[in-house]
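Have a look at this one before I ask anything.
What follows is calculated from the coordinates using simple rules that are stated; it is not laboratory data. This is a predicted model, so every value here is computed, not measured. Here Cβ is always computed from backbone atoms with ideal geometry, including for glycine, and neighbour counts include all displayed protein chains.
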Amino acid sequence: MLEAVANGLLTGAVYGLVALGLTLVYGVLHIINFAHGALLTLAMYAAWVAWSVFGLDPYVAILPLVPIFFALGYAVQRFVIGPASRGEDSNILLVTLGLSIVIENTMLAIFRSDTLSVQVPYAMEVIEAGPMLLSFPRVVGFGVAFVVAAVLFVILTMTDTGRAIRAVAREKQGARLVGIDVEHVYAMCFGIGLACLGAAACFLLPAYYVNPQVGSGFVLVAFTIVVLGGMGSFAGALLGGLLIGVVESLSGLLLGESLGQIGIFAIFIAVLLLRPQGLFGARA
Amino acid sequence: MKRDLAGIAAFALAVVALAVLLDSGVWLTFAMMALYGALLAQAWNLLGGYGGQFSFGHALFFGVGAYAQVIAQVTHGVNAWAALALAIAAAGGVGLFVGALAFRYGLKGSYFALVTLAFAEVFRIGALSVEFTGAGVGMMLPLKESIANLQFGSRRGFLLLIGGFVVVALLVTAWLRHSRFGARLQAVRDNEDAAMAVGVDPYRVKLAAIGLSGAFMGAAGAFYVQVFQYIDPGIAFGPHVSVEALVGAIVGGMGTLWGPLLGALALHALADVTRNLFGQLPGLNMVIYGVVLVLIVMFLPRGLTGAGQPLVRWWRRRRD
């Protein structure tokens, strides 16, 4: 039981890490990025290729992957999502859905549906914590989730870009009037969101595996967390992630492996119906 | 209305003519699958195009229809035609249930899309985990060819069956375009507050639309089972059907009578051509659907029918 809770917390932190990027994009652009899960899949394949082709340890691959995914996110928002949206939310929803279909199935065509994983010496290592044995890569992922959240917090509160992002999130027209390039800020935001995914992928890979569907497994979980934690709230994303991780782990323990996921979706539907502003969200 | 009905009658004749005249199995199969795609797109269009509620999980109703069709026949020995009615009713009922939950709490836009997706996912995992759906193994429909069993020896019978469904969907869509109910639904789509101000109850209107849409998806699911005689949770509730329904309607033109049919035909033709060019790569079909979806939203937001409208107008002017 205790071990299930601890493992749930470890998994939950990773969920939170994935949800951070989603919540940032939602908080500022007020769009639901449907391609988030597919982009995570893409990032995990990128980390896998870095390991299998270039021999980079996933923890080292984070150095090239984060800037690459930042640039990718910037370009996608600036040249695909932005122009396609024409100010309509439903268009954004459809374009990101289209992107996710393209990415997932391109991965399927290239890598087939085989499940791939990396072999690194520390993948199987465990850390003894009192009576529990915790997997080393998962403990690292747990720590990194909080570091990334802290870094995001610093970027948003202390840098000029962060101030511009918050200004745009609060009042788009006003920000434009005082000379902020809103399209640039949107693209920056999307880039940062994807950079989070790049980092998340590198810390996920040693503990998990990758196949074309891996992201869609995460995406509904990430949406659940974002909705649960309140759209656009970082603390909400992390806490929501931990909560969901524990729920999944416990319902898996009590109901069996396959039904564990149903617990998550039940929470998701219930939260959407009863409290769409989230547990920590203020807006009604 | 008259022009719509004349067009539908012409279409029905064309389907019958195709079923009688087509000799090659390849073309019969193509026509059948294109019309099956059209039915999916038409069902989505009723709710998404005319009601403005974008569902990302329409496979939910498809899967319910498919499983109802096979479970009624195999487990309970119900006649295939009666099972078809059950399947349609079950899918419509699930539509009403999801709609009652989602619309009661005022879910709109992205939230509605997400909740439909989540429901489809819950049903997929549920179908994988319980006994009466055959879990991950799926369910087979034994081969018993006869019209009473809704199993036709050739594709001709199935082409007529799906053509019939498509004609009914066209008639319902034409009715939406010219009835009070349709006007209310479109008013809710365009401006819910304004519609409420003139006395329309958005909840009831949207609920009726999702029930209707679900029923047609259920018919498509039942048809799928009768043709392929097999269903499993991934086929039934996975993303493929949801995407096909949505992309077909959007490519053809949301909220139009002929759009979904046109969109589905175009997509199936495109998918066939690329299959001939590149061979059978896994996922290739879906890549095309995704690319087409992005391009259409970027460049032709009103779909193929929207793009063709200036042409039609020009032709009418010339004729007059």
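Using only alpha-carbon positions, what ratio does the radius of gyration of the protein assembly as shown give when scaled by 2.2 N^0.38 Å? Don't skip to the answer; put the middle values down first.
Numbers: Rg = 24.8 Å, N = 604, 2.2 N^0.38 = 25.1 Å.
It is 0.99.
Then there is this: Reachable aspartates and glutamates from A:LYS172, Cα under 18 Å, same-chain residues fewer than 8 places away excluded?
A:GLU88, A:ASP89, A:ASP160, A:ASP181, A:GLU183
Sticking with this one: So, by mean Cβ neighbours within 10 angstrom, what's the order for A:106-117, B:29-40 with the highest one leading? All intermediate terms of the calculation are to be shown ahead of the outcome.
On the way: A:106-117: 15.7, B:29-40: 23.4.
So the order, starting with the most tightly packed, is B:29-40, A:106-117.
Within 10 Å of each Cβ in peptide B:104-116, how many partner chain Cβ atoms are there on average? Round it to a whole number, please.
Per-residue shielding by partner chains comes out at 5.
Two-decimal Rg/Rh of the stretch A:61-129 from alpha-carbon positions, Kirkwood Rh?
Details: Rg = 17.8 Å, Rh = 15.4 Å.
Result: Rg/Rh = 1.16.
Something else about it: Among B:GLY126, B:GLY49, B:GLY279, which one shows the biggest mean-square fluctuation in a GNM of chain B, springs joining Cα atoms closer than 10 Å?
B:GLY279
If you don't mind, another one. Run the quick spin-label model on A:MET132 and B:ASP193: label points 7 Å from Cα toward the beta carbon, then report their separation in nm to one decimal.
In this crude label model, A:MET132 to B:ASP193 measures out at 4.9 nm.
Can you give me the long-range amide H partners of B:TYR230? Hydrogens built in the peptide plane at 1.01 Å from N, cutoff under 5 Å, separation of 5 or more residues or another chain.
B:LEU141
Springs between alpha-carbon atoms under 10 Å, Gaussian network over chain B: tell me which of B:GLY138, B:GLY157, B:GLY77 tops the mean-square fluctuations.
Residue with maximal mean-square fluctuation among B:GLY138, B:GLY157, B:GLY77: B:GLY77.
For chain A, take the longest principal axis of its alpha carbons; what is the angle in degrees between that and the long axis of helix A:257-274, to the nearest 10 within 0 to 90?
30
Determine which lysines satisfy two conditions relative to B:LYS2: a Cα distance under 29 Å, and not lying fewer than 8 residues away in the same chain.
Cross-link targets: B:LYS206.
List every DSSP H helix in chain B whose Cα atoms extend 24 Å or more along the helix's own long axis and whose mean Kyte-Doolittle hydropathy is at least -0.5.
Numbers: long enough: B:2-21 (28 Å, 1.77); B:25-44 (29 Å, 1.35); B:80-104 (35 Å, 1.79); B:109-129 (31 Å, 1.31); B:155-178 (34 Å, 1.41); B:202-228 (39 Å, 1.01); B:259-278 (28 Å, 0.96); B:303-319 (25 Å, -1.04).
Length and hydropathy pass: B:2-21, B:25-44, B:80-104, B:109-129, B:155-178, B:202-228, B:259-278.
Divide by every residue of chain B the summed helix terms, -39500 (n - 2.57) for each DSSP H run of at least 4, and state the resulting mean residue ellipticity at 222 nm, rounded to the nearest 500 deg cm²/dmol.
Values: 14 runs with 242 residues, N = 320.
Rounded to the nearest 500, it is -25500 deg cm²/dmol.
How large is the charge dipole for the protein assembly as shown, taken about the Cα centre, if only the Cβ atoms of Lys, Arg (+1) and Asp, Glu (-1) carry charge, to the nearest 20 debye? Intermediate values should be presented prior to the final figure.
Working: 32 positive and 27 negative charges, 447 e Å.
Here the protein assembly as shown has a charge dipole of around 2140 debye.
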